[in-house]
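Below is one structure, written out as structure tokens; the observations come after it.
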Amino acid sequence: LLAEDPEAHVLPYCLTGGTDNKALKRLGIDGYGFAPLQLPPDLDFAPLFHGVDERVPVSAVEFGARVLKRLLETC
């Protein structure tokens with residue numbers, strides 16, 4: 001994460017929403033949530049989350065793809 005954003009702050013969070021990980025667990029697969037998004041500071045994201053017009057900027061998804069690619073390449 002720091003390779004893509006040297007000023008990033010990593011913090012754990014607990015999400016009460018649903019996930020496919022419960023089905024994977026029955027198959028013996030451990031799953032962990034990792035959602036690297038770099039949202040603009042002026043974006044009021046909370047009202048967009050699971051709203052009628054839910055969305056994130058394309059640049060946030062591109063950032064997340066780069067971070068996940070790096071992670072998978074180093075594993």
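The values are calculated or read from the model by the stated rules, or taken from the named source; none is laboratory data. This structure is a prediction, so every number in the text was calculated from the model and none was measured. Note: ideal-geometry Cβ built from the backbone for every residue, glycine included; neighbour counts use all protein chains shown. Heads up: the accessible areas ignore ligands, DNA and RNA and are worked out on the full protein's heavy atoms, side chains in. Shrake-Rupley method; radii C 1.70, N 1.55, O 1.52, S 1.80 Å.
Whether any residue in region 10-24 is surrounded by 10 or more Cβ atoms within 10 Å (Cβ to Cβ), assigned to a helix (DSSP H, G or I) and among the charged types (D, E, K, R) is what I want to check.
No: region 10-24 contains no residue that is surrounded by 10 or more Cβ atoms within 10 Å (Cβ to Cβ), assigned to a helix (DSSP H, G or I) and among the charged types (D, E, K, R).
Search region 25-75 for residues being part of a loop (DSSP other than H, G, I, E, B) and of a type in the set (D, E, K, R), and hand back the single one that is nearest to Ala3 (Cα to Cα).
Asp42
Quick grid of which residues meet (1) modelled with pLDDT of 90 or more; (2) open to solvent by 100 Å² or more (accessible area, probe 1.4 Å):
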residue	(1), (2)
Ala35	no, no
Pro40	yes, no
Val52	no, yes
Ala60	yes, no
Gly64	yes, no
Glu73	yes, yes
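Examine region 11-27 for a residue that is touching a Phe, Trp or Tyr at 6+ places or on another chain (Cβ under 8 Å) and modelled with pLDDT of 85 or more, and state whether such a residue exists.
no
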